[in-house]
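Data block below; observations after.
The values are calculated or read from the model by the stated rules, or taken from the named source; none is laboratory data. Note that the structure is predicted; figures quoted are calculated from it, not measured. Cβ atoms come from the backbone with ideal geometry, glycine included; neighbour counts cover every protein chain shown. In case anyone asks, the SASA skips ligands and DNA or RNA and just uses the protein heavy atoms, side chains included. Shrake-Rupley method; radii C 1.70, N 1.55, O 1.52, S 1.80 Å.
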Amino acid sequence: MSEVQIDAAAFHRRAKRLLDSLKNGRSASGQSFDSVLITQGRSDEKNPYTKTIATQMWLLGYEFPNTMMLVTKSKLYIVASPKKAKILEAIQGTPGGVSLEILVHGKEADKNKEMFGKLVSILRSSGSTIGVISKETTGGKFVDEWVAEFAASKSSFTEADFGPELSRVLAVKDDSEIKYEKTASSLCSAVMRDYFIEEMASTFDQEKSITNEKMADRVAAVLSNDKLAKKLFNKVPMLDMAEWSAQPLVLSGGQYDLSHDAESSTAPLHAGTVVCTLSMRYFMYNATISRTFMIDPSPDQDKNYSFLLELQKQMLGWMKPGETMGALYAKAAKYVKDQRPDLADNFVADCGSVTGIEMRDGVHTIAPDSTELLQANMVITLRIGLQGLTNAKAVDKLSKTYAYQLIDTVLVKDGDAAAEVLTSCSKEPNDVSFFFNDDEAATGAKPDVKREAKADSKRESNGAGARPSTRKSAILPSKFRSEEKDDESTTRKRREHQKELLARLLAEGRRRFAGEEGDDGEETRVVKKFESYKRETALPREVRNCKILVDERADSIVLPIYGMAVPFHVSTLKNISRNDEGEYVYLRLNLVSPGQGVGKKDGLPVEDPGNTFVRSLTFRSTDIARMNEIYQSITALKRDQIKRETEKAQLADIVEQDRLMPTVGQRPARLPDVFMRPVAEGKRFPSALEIHSNGLRYMAAGRGAGSTVDILFNNIRHLFFQPCDNELLVLIHVHLRNPIMLGKKKIQDIQFYREASDASFDETGNRRRRIRYGDEDEIEAEQDERRRRRQLNKEFKEFAGKIAEASNHEVEVDTPFREVAFNGVPARSNVLLQPTVDCLVHLSDTPFFIITVADVEIVHLERVQFGLKNFDMVFVFKEFKRAPVHVNTVPMTQLDNVKEWLDSVNLPYTEGPVNLNWAQIMKTINKDPAGFYEDGGWSFLAQDSDAEADESEEEESEFTVSEDEFEESESASSVESEFGTESDDSDDGDDDGDESGEDWDALEAKAIAYDEKRTHPAESPPNRAPAKRARNK
């Protein structure tokens, strides 16, 4: 107890609220309170969280057993043991605080009796009505002494329940309490998002048998697993203050108890509908999250879940200060009855309650009979559910009955703003739906659960991510009629999801740019002033000769004009030219001035447009050597000035890093013999990559020895590990937040790699090869190479994991998914682009290509039309000043895979038949981004995309062709196609090549026969014409 320190400012701030509540509060009968008595006896392990303890935690930050608090309208009294009293003395006498008196309860009975008598006198002088927490009882020696002393005077007092009024005081949170609530929300969200979902998917994927109760126990063990807890909660300080508010709840297999005191059953975890509820507390403040996961949901289940999701969005908008909780529930029930009357009887009886130090506040409950008002800064566990639902298309008995539940911890905002959701785990249908692989199930193979999408906490906080599809080919595995319906359903869901994403993007854009004024999308130019010399005396002495002088020290050119030396800074020089005409040499100096055409200097800013500008100066001389020397000097001076300006511009966005703190007292973890790209200086030599306290260090070897490359963890945005499977290199790639200088080059990507092939392997022949004949040695070499590749993958993967651990998981390792990769041309060559959780990357060759999904606003697919073999992708970023990135020549066979990946990572996409002028489009958007979104935003791109495809498919052509006309057109087309035109041949020749058509011998035979027919028509066989007609039918 000696280490206990109480926040005096928070105590007095909250104690004032308690005193104000006493002055203004009323009992259930409408009677006012004269004083409040809150008594806590010995600790009760069976009931560790009561309103009395909550009050102590709220005021003092700790639980104080055998302590009594007496609150009057002007003063606060605390009765405690001598040790506790010594701690409480620190909060006495705070300027501007409440009046506080501490009474000591010791071991001497006489003094205790005298002290209790003083309390009774204080109660009697305050008034006859005492507020108590009537629904709670406590015991112990301390309480027994007080009861015995108070018994004689109890009849003269009236006790009234102060619990509801105390709940109103505790319900409204201050800033520090909201901070704890947000941390508690992030804790349970991380367990749900990063542990339970993966554990559940792995269980179903590997067909493991586990009960609901065991799964709940496995989730509960997360906090006791130090390594796992550090990974999940790496950014949470004082993790020892986190604990479970209640045992995790896992429901499945037709047994769904959505009551508050439900427990996980001992039945096996069933792959149907799974409901998981997690409640955690941080510094005694509670947060709860619940998600429902669907395995192979039917269309009706999808429809019911989408409705539940829409209802939650509506309720978040209704939760505003001044609204009664009973009215809020009535709105929700009415919405269900109006929109889905068939679900009215399945709606839950209450929609949550206020949370805080108490997990559930029984006074502030969103229920039909509640009259409590919502207030700003209330934290509420919003609970929405449907129970007792029936699945008519269930494939087994356990899937016939199901239930849905969504719980989020939300914060009521001030004004008309919707409530803020504090828990962050995606609940979109795509993110909570799992599907079995029907092809494998039909053949009796092991079913493979495929999750359509994975909510990434980084995208919602950073950014997110998504688990890509497991499809390994663009060619459909089968095309039976039964599967066509499934494909249509998947396409329809994707279109609906894209409509939602585009609508959300439009709303977000309007909110983001509301009230903002745009610009012309170009960098604002400022007037640059150059000074060659501060005073006339600073001019070189050589100017007295009235000759052209190049002063490299002052970066100036001194020109003689009318007998006077006039200096010009080299920055004012545009270019210089030299011409020989007869015996004269002419030097023409063109100066920078506004209005010089359509070049980059056309918009040169000037202070006074009315000034007169000198555009060029021409000098001539017969001294050819002298003029050549001047020309060379001015050219060199201008070249050096341009070089300095270029280097300065490159260093403009360089951010000075912190210093690397080397590991002290132990040898740092090392990855030896790795190469770095790009190379610092000279030839490449292998060296070691080391992990230190706050970053990585690579000591260059060889000719560039001594140059050190330091990479700090706080400057790493993405860390990639790419195995050497189907690659020549195994590598660890670092993508930086801010570029660094490597030698004289600015870089933002650094790669450390090792070649997978063994260059030292002798294939010219050795003793073993001379003795052994056959393929045994080749088979052994292949086995050695596979073994070497596995070892390389293991070594680099473990080292990447050590980097993540050393950074306290501020940096997470990301691995490309090769099975969903597609080809494209992001720069000059056609490369393989591989999605990761957060990015789209190409890391095998330079230049590297990395696009962060969280930075992308929308993706537009160009040249998507029938007959073309390739299409292009354009990534438009949320930062509109950043130029869009193009990926060209993506095979049309990969179109569905690309769309599926974009949809799975919640990226809206559109498509069109032609390429667009994106420079002009972005310039227009930057001029007025608010007006752009008010006019519909990106809807002008969606006219030919999946988002608009439903409407176009519903429109049928009114043109009809009779059967006779159709046969005539068929006959005519066959005759016309007998000998194609030259243009047709030239067009088809490029596309088809030698894939179809006859060989040269057949074509030559046809040509000879055709020539003979034209030369000797009478000698042609009589049956040739009928044969031709038969061929034309």
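Across segment 92-107, computed HN-Hα scalar couplings (Karplus, 6.51 cos²θ - 1.76 cosθ + 1.60, θ = phi - 60°) run 7, x, 6, x, x, x, 7, 6, 10, 10, 10, 10, 9, 10, x, 8 Hz from first to last residue, x flagging Gly and Pro. Taking amide H atoms as placed 1.01 Å from N in the peptide plane, the amide H of Phe568 lies under 5 Å from those of Ile557, Val558, Leu559, each 5 or more residues away in sequence or on another chain.
If you plug the beta carbon distance of Glu136 and Asp302 into 1/(1 + (r/R0)^6) with R0 = 60 Å, you get a FRET efficiency near 0.85.
The residues of segment 69-120 expose, per residue, 52 Å² of accessible area to a 1.4 Å probe. Suppose every K and R has +1 on its Cβ and every D and E has -1 on its Cβ; what is the size of the dipole of segment 794-893 about the Cα centre, in Debye to the nearest 20? Here segment 794-893 has a charge dipole of around 420 debye. Annotation: amide H of Ser616 within the under-5 Å range of Leu591, sequence separation 5 or more or interchain, hydrogens built in the peptide plane.
Once Rg and the Kirkwood radius are both taken over the C-alpha atoms of segment 833-880, their ratio Rg/Rh works out to 1.04.
Each peptide in 76-84, 926-934, 411-419, 353-361 was scored by the mean count of other Cβ atoms within 10 Å over its residues; highest first, the order is 353-361, 76-84, 926-934, 411-419. Subtracting the Cα-Cα distance of Ala538 and Arg737 from 0.36 nm times their residue separation leaves 67.1 nm of extension gain. FRET efficiency for the Ser202 to Thr490 pair, using the beta carbon distance and R₀ = 22 Å, is estimated at 0.35.
Looking at this model, which pairs from Lys393/Lys899; Lys313/Lys413; Lys51/Lys334; Lys51/Lys331 are more than 24 angstrom apart at the alpha-carbon? Check vs 24 Å cut-off fails for Lys393/Lys899; Lys51/Lys334; Lys51/Lys331. With all protein chains in place and a 1.4 Å probe, the accessible surface of segment 266-359 carries 52 percent carbon and sulfur. Residues whose amide H lies under 5 Å from that of Gly352, counting only those 5 or more places away or on a different chain, are Ile366, Arg383; hydrogens are built 1.01 Å from N in the peptide plane. Dividing the Cα radius of gyration of segment 257-364 by its Kirkwood radius returns 0.98 for Rg/Rh.
In order along segment 227-237, the phi-based Karplus estimate (6.51 cos²θ - 1.76 cosθ + 1.60, θ = phi - 60°) of 3J(HN,Hα) comes to 5, 5, 4, 5, 6, 6, 10, 5, 9, 9, x Hz; Gly and Pro are listed as x. With the charge dipole of segment 43-165 set up from +1 on Lys and Arg Cβ and -1 on Asp and Glu Cβ about the Cα centre, the Cα lying farthest toward the positive end among the listed residues Ala151, Gln92, Thr129 is that of Gln92.
For segment 124-280, the solvent-accessible area with a 1.4 angstrom probe is 45 square angstrom per residue. The accessible area of Ser224, taken with all protein chains in place and a 1.4 Å probe, comes to roughly 90 Å². Each residue was assigned an accessible area with a 1.4 Å probe, and for His364 the value is about 0 Å².
Tally up the carbon and sulfur contribution to the accessible surface of segment 139-228 as a whole percent, 1.4 Å probe, everything protein left in place. Carbon-and-sulfur percentage of accessible area, whole number: 47.
Solvent exposure of segment 286-408, expressed per residue, is 38 Å² of accessible area, with all protein chains present and a 1.4 angstrom probe. If you wrap the tightest convex hull around every Cα atom of segment 1-129 and split its volume per residue, you get 120 Å³.
For Thr94 and Ser125, what is the calculated FRET efficiency with R₀ set at 22 Å and r taken between the beta-carbons, to the nearest 0.05? Computed FRET efficiency for Thr94 and Ser125: 0.35. Using a 7 Å offset from Cα along Cα-Cβ at Val679, what residues in segment 842-879 end up with backbone N under 15 Å from the label point? The answer is 846, whose backbone nitrogens lie closer than 15 Å to the label point.
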